[in-house]
Structure formats: structure tokens, C-alpha cells
Amino acid sequence: MEHKQLDQFPKNFLWGSASAAYQVEGAWQEDGKGVSVWDEFVRIPGKTFKGTNGDVAVDHYHRYKEDVALMKEQGLKAYRFSVAWTRIFPNGRGEINQAGLQFYIDLVDELIANQIEPVLTLYHWDLPQALQDEYQGWESRKIVADFTNYATVLFETFRGKVNYWVSLNEQNIFISHGYLMASHPPAVSDPKRMYQANHYANLANAAVIKKFHDMDMPGQIGPSFAYGPNYSLNSDPKNVLAAEDSEDLNAHFWMDVYLFGKYPIAALKMLKKQGLAPIIEPGDEELLAAGKPDFLGINYYQTNTVVFNPLDGVGLGKMNTTGEKGSSEESGLPGVFKRVENPFLERTNWDWEIDPEGLRIGLRRITSRYRIPVLITENGLGEYDELTEDKAIHDDYRIDYLKGHVHAIREAITDGVDVLGYCTWSYTDLLSWLNGYQKRYGFVYVEQDEKQDGSLNRYKKDSFYWYQKVIQENGTNV
Ligand code: BGP
């Protein structure tokens with residue numbers, strides 16, 4: 001529908017931006033930090049673009065004051081960051097490493113002193129390697145107790161200081177990349193193991209949310225889901241059904257568990273028939289139902305356009321991690337769907353489709369199905385940026401991208417969606433897990449590249465000033 005007039009953004013709307021520990025901090029062996037699965041994975045030849053790693057990243061660990069000062073100058077209302085589990089418990093559990101915890105205490109204090117709302121992510125993929133070695137991490141039920149124990153330390157430490165908490169970041173991504181595509185640690189390719197690990201991740205997610213509520217924590221908690229709403233390429237009913245299946249297997253399979261405590265019917269039945277469904281033990285369903293989030297975090301980058309894919313059709317294809325436009329391969333699930341190019345959309349140099357309207361569609365679907373407030377925990381454009389001789393970055397393409405998405409959010413709010421805030425990905429430039437440093441997302445350019453010997457100086461991009469104005473005007477002119 002087209003509105004004659006759009007609603008205003010709520011007065012307390014959280015205009016924010018985001019990062020994740022491994023992608024910004026560096027200092028990978030400092031102050032007693034333990035080794036994470038990513039610290040190990042990046043050292044296996046051929047796993048990341050040009051062998052890049054987060055040993056130094058953009059050195060946020062030492063430069064957080066400078067980064068928070070930039071946020072303050074920009075007028076940012078919220079900053080989403082993640083805690084590295086290995087800084088708190090170098091081996092996943094045991095004695096607290098105070099020096100590691102202190103970094104986050106200092107960061108949170110610095111944010112609060114600058115009137116920036118901290119949004120704390122408990123888990124953004126950097127699992128302690130010790131837990132991987134001991135019981136295979138997410139493939140064991142033991143992870144539930146260890147994750148809850150770790151989260152509880154943070155709840156106790158930041159009670160009353162941190163009001164917004166994200167439990168798991170993109171469970172659907174770290175599980176599918178880790179256990180099916182073998183592109184994230186532990187690089188397994190086995191759907192049965194994937195669905196079981198995913199089930200334990202569901203339990204861990206529910207357990208920390210339940211713990212948060214049992215502790216009567218002030219504030220709100222929810223997971224961040226990587227939602228790519230599914231479209232059918234056209235009105236051929238076969239393709240429409242493929243899109244429904246994709247929505248079930250790629251989206252409801254997680255969101256239904258978060259919000260209803262149950263897996264979607266058709267997807268679960270299909271997996272059972274194929275012998276791939278997870279083992280659900282007595283008590284699991286009760287735990288899932290008891291861990292209901294207060295909001296749903298959404299990381300939105302693009303939609304997913306599909307057609308029917310026959311049983312002998314394509315399987316998993318290669319991703320574009322080099323920034324050579326058009327180098328990604330077709331990918332699908334035989335017998336169900338395959339992804340195709342959407343003829344109405346432009347693509348980035350990494351072949352990600354640009355679809356602001358898709359964000360409104362996704363927000364509407366969530367609201368209809370789950371009736372829960374949404375916090376947009378990530379959205380942004382990964383592109384090459386050029387630092388000019390006078391140290392400017394004219395990223396008008398990023399401004400266009402963000403403007404389109406902010407407008408779509410405003411339309412969704414006008415439709416009746418309850419949106420708590422918008423965290424762009426990312427604040428500073430940072431390490432992209434598989435794509436190195438050349439795929440940039442930030443408002444703040446950081447001089448760092450694949451050789452990893454950059455000056456680490458920070459420079460404000462044009463998009464920095466654009467967002468500053470949006471925040472000042474509370475989105476009135478977007
Ligand atoms: C999300 C992750 C982020 C970030 C972002 C951009 O999946 O939560 O950590 O990396 O995607 O993705 P990429 O770095 O692959 O371009």
C-alpha cells in the first residue's frame with residue numbers, strides 16, 4: 001500500500017550501529033584472552049580471503065575511546081557490540097578472567113558517559129576453542145550450561161547498565177556455514193549433524209533468555225536472526241510453493257522456535273522422513289517455550305528469490321568472497337528450491353541484491369506471524385571505498401543504500417510494525433569473516449587492508465555526516 005503521509009519515527013528510536021568482537025577488537029592474545037574457534041580457523045590455509053585474520057583487526061581493543069568519541073560526535077543513540085567469550089572465560093568456563101571482563105566494563109561505561117545505549121551481543125561466533133576440543137562445542141548438550149554460565153556473569157556485571165541484550169547472533173548463519181557449507185568453523189558438511197547442533201543452539205538460546213527473565217533483569221533480550229525474506233520468481237504455483245518451502249526451511253525453522261517454541265510443521269516432517277530431524281528429548285520443548293524473547297533482532301541484507309529445483313537439480317554453490325561481480329554460483333536444495341537472480345534488483349560487487357522494499361516486507365511478515373517488536377540489529381552495504389588524497393571517502397552509494405532502507409522502515413512503522421531501532425552494519429570498517437578488509441561497511445574508514453599493516457587511522461566517510469543529520473532530525477526527511 002502507498003501511504004499519503006508517513007508516520008514519524010518514535011521519539012526514543014535507537015539510531016545505532018553495530019560491530020562484533022572478532023571483527024574489530026584485535027588484541028587476540030592480550031590480558032589473558034583464550035583462543036576461539038575463529039582464531040584457529042583463520043590459520044588454516046585457504047579458508048579466508050587472502051588469509052586475513054582478526055589478530056589486529058581494526059584495533060578497537062586499544063582505540064575504543066577514539067571510536068566512542070566518533071560515535072558521540074555523530075550523535076549515535078545506540079552501539080551494538082559483542083563480548084568475546086574467551087576474554088571472560090579463556091577456556092569457556094572456570095575462573096573469570098577479570099582483565100578481560102574489565103575491557104567491556106570500560107567500554108560500557110564509556111558509552112554510557114557519552115549517552116550511547118549499549119546493545120550487548122552475548123555470542124557473535126567466537127566460541128572458546130577449549131569447548132570445541134572438549135565436547136565439540138555446539139554438537140553437545142553441554143554447551144547449554146556453559147553458555148548460560150557465561151551469560152550469567154555478564155547479566156550480573158551489567159545489570160542496570162545494559163538494557164538491550166542480543167543472545168545468539170545469526171544462529172542460522174553460524175550453524176549452516178559451520179555444519180553444512182563447511183565455510184565457518186568447525187567446517188563440517190553434514191546435514192544431520194547440522195540439525196542436531198542447531199537444536200542445541202536453540203536450547204542454549206532459550207536457556208539464557210529464561211535465565212535473564214528468572215533474574216528479573218531490567219531491559220530486554222532477543223536473538224538476532226539473519227532474515228532474507230523469500231520471493232517466488234513468478235506466479236508459477238510450483239515456484240510459489242518453492243518460495244514457501246524456502247521461507248519454512250530458511251526462516252520459520254528458526255523464528256518459529258524462538259517465538260512459538262516449535263519447529264514449522266512441513267519442514268520438520270520433511271526432515272523426519274529424510275532422517276535428518278534433530279533428536280528432541282523430553283523437557284526440550286518446555287525449555288524452548290519458556291525462553292521467549294522480548295524482541296526479535298533482525299539482520300537484513302537482502303531477499304532470496306527462488307524457483308522450484310528438481311531432485312537432480314543444483315546443490316550448494318560457491319559464494320563470491322572476492323568482490324568480482326558475477327562470480328557467485330547457483331545454489332539450492334535439490335527437490336525443493338534454488339536461488340535465482342531477481343531481475344528487478346541491482347547487485348553489489350559481492351553479488352548481494354539490493355532490496356530496501358524487502359526489509360518492509362520482512363518486517364510486515366514478522367509482525368503478522370509473531371506480533372513482536374523488532375530491533376534491526378544489522379543492515380548495510382559492503383563495498384569498495386576509496387580514500388582520496390585529502391582523506392575523504394565519497395560513499396554516495398552507501399548513503400543511497402541506507403536512505404532506501406531507512407525509508408522502508410518508516411513505511412513499515414506506518415504500516416503498524418513496532419520497530420525499536422536501527423543498527424547499521426557497521427560502525428567502523430572491520431574484518432569481514434570470509435571477505436577480508438576490502439569489503440567495507442563502516443561510517444568510519446579504517447586504514448587497514450589484506451596485508452594487515454595499515455596505519456589504523458580513522459577517517460569519516462560522507463555517510464557519517466549523512467547519518468548524523470538523519471539522527472538529528474529523527475528521520476523526518478527520509
Ligand atoms: C552478518 C554478520 C556480520 C557481518 C555481516 C556482513 O552475517 O552477523 O558479522 O559480517 O553479516 O557480512 P560479510 O562480512 O560476509 O559481508
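Each reported figure results from applying straightforward, stated rules to the coordinates on display, with no laboratory input. Computed from a prediction, not measured in an experiment: that's the story for all the values here. Heads up, the Cβs are rebuilt from the backbone with ideal geometry, glycines too, and the neighbour counts pull from every protein chain shown.
Counting Lys and Arg as +1 and Asp and Glu as -1, what is the net charge of the other residues whose Cβ lies under 11 Å from the Cβ of Ala27? Spell out each step's value before the answer.
Working: positive: Lys33, Arg63, Arg87; negative: Glu25, Glu30, Asp31, Asp55, Asp59.
My count for the surroundings of Ala27 gives -2.
In whole Å, how far is the Cα centre of segment 169-218 from that of segment 1-72?
If we compute the Cα centre of each part, the gap is 20 Å.
Once the other residues with Cβ under 10 Å from the Cβ of Val56 are scored (Lys, Arg +1; Asp, Glu -1), what is the net sum? Can you show the working numbers first?
On the way: positive: none; negative: Glu25, Asp55, Asp59, Asp453.
So the environment of Val56 carries a net charge of -4.
List the lysines whose alpha-carbon lies under 30 Å from that of Lys4, not counting same-chain residues fewer than 8 positions away?
Within reach: Lys77, Lys403, Lys469.
Where Lys and Arg each count +1 and Asp and Glu each count -1, what net charge lies around Tyr231 among other residues with Cβ under 14 Å from its Cβ? It would help to have the intermediate numbers written out before the result.
On the way: positive: Lys338, Arg339, Arg360, Arg364, Arg365; negative: Asp236, Glu244, Asp245, Glu247, Glu341, Glu353, Asp355, Glu357.
Local net charge: -3.
When you count, for each residue, the other Cβ atoms within 10 Å and take the mean per peptide, how do 184-190, 236-242 rank with the highest first? Could the numbers behind the result be given before it?
Working: 184-190: 17.6, 236-242: 15.3.
Per-residue mean Cβ counts within 10 Å order the peptides as 184-190, 236-242.
Mind ordering 94-103, 271-280, 332-341 by average Cβ neighbours within 10 Å, highest first?
Details: 94-103: 15.1, 271-280: 13.5, 332-341: 19.0.
Result, highest mean first: 332-341, 94-103, 271-280.
Within a 10 angstrom radius of the beta carbon, how do Lys451, Lys161 rank from fewest other beta carbons to most? Intermediate values should be presented prior to the final figure.
Numbers: Lys451 9, Lys161 15.
Neighbour counts put them in this order, fewest first: Lys451, Lys161.
Could you go through segment 439-452 in sequence order and give the Karplus-derived ³J(HN,Hα) for each residue, using 6.51 cos²θ - 1.76 cosθ + 1.60 with θ = phi - 60°, rounded to whole Hz, and x for Gly and Pro?
Once rounded to whole Hz, the list reads 8, 9, 10, x, 7, 10, 6, 10, 6, 8, 9, 4, 6, 6.
So, in Å, what gap is there between the alpha-carbon centers of segment 271-346 and segment 397-458?
23
Sum -39500 (n - 2.57) across every DSSP H segment of at least 4 residues in the chain, then divide by the residue count to get the 222 nm mean residue ellipticity, nearest 500. Show your work: numbers first, answer last.
Values: 16 runs with 182 residues, N = 478.
Mean residue ellipticity, 222 nm, calculated: -11500 deg cm²/dmol.
Tell me, what is the Rg over Rh of the chain, with Rh the Kirkwood radius over Cα pairs? Write down the numbers at each step before the final one.
On the way: Rg = 21.1 Å, Rh = 22.6 Å.
Computed over Cα atoms, the ratio is 0.93.
Under 5 Å between amide hydrogens, which residues at least 5 positions from Phe337 or on another chain qualify, with H placed 1.01 Å from N in the peptide plane?
Distant-sequence amide H within range of Phe337: Asn309.
Which of His405, Val444, Gly362 sits farthest toward the positive end of the charge dipole of segment 14-473, with +1 on the Cβ of Lys and Arg and -1 on the Cβ of Asp and Glu?
Looking along the dipole axis, the top candidate is Gly362.
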